[in-house]
Ligand SMILES: [Zn+2]
Ligand SMILES: [Zn+2]
């Protein structure tokens with residue numbers, strides 16, 4: 001065991017191994033959005049935020065190989081865990097779906113007729 005990192009030429013050792021199978025090097029990161037930045041919270045770091053000019057959301061970023069990544073569209077890959085969540089998220093229970101439809105209809109009606 002040599003202790004010098006970065007000089008390892010062992011093919012079984014990757015700098016950035018896949019977090020799912022640990023067998024292949026990671027080639028992509030999970031794009032699932034796990035949180036949005038609340039600007040209010042970042043006021044004190046505002047200048048830094050502006051300097052970085054980064055995205056205002058945070059993604060999962062689990063490193064994955066081609067085999068383990070779940071591609072859900074152009075340049076969008078989810079880790080298996082978030083892929084499952086994503087599929088569940090699309091199918092909400094019947095009860096909630098009814099409530100959802102009711103509110104959407106209400107909003108549409110208000111938009112159509114306008115509120116004084
Ligand atoms: Zn993998
Ligand atoms: Zn993920």
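The values are calculated or read from the model by the stated rules, or taken from the named source; none is laboratory data. Quantities reported herein were computed from a predicted structural model and do not represent experimental measurements. Neighbour counts run over all protein chains shown; Cβ positions are idealised from the backbone, glycine included.
Which residues, counting only those in the stretch 62-81, are free of Cβ contacts under 8 Å to residues at least 60 places away in the same chain, surrounded by 14 or more Cβ atoms within 10 Å (Cβ to Cβ) and not in a strand (DSSP E or B)?
Step one: list which residues in the stretch 62-81 are free of Cβ contacts under 8 Å to residues at least 60 places away in the same chain, which gives 62-78, 81.
Subset that is surrounded by 14 or more Cβ atoms within 10 Å (Cβ to Cβ): 62-65, 68-70, 72, 76-78, 81.
Matches in the stretch 62-81: 62, 65, 68, 69, 81.
Assess whether residue 35 counts as being touching a strand residue (DSSP E or B) at 6+ places or on another chain (Cβ under 6 Å) and either more than 16 Å from ligand 2 (Cβ to nearest atom) or at pLDDT below 90 (or both). In short, yes. For residue 19, the criteria (1) at pLDDT 95 or above; (2) in a strand (DSSP E or B) hold in every case but one, which is (2).
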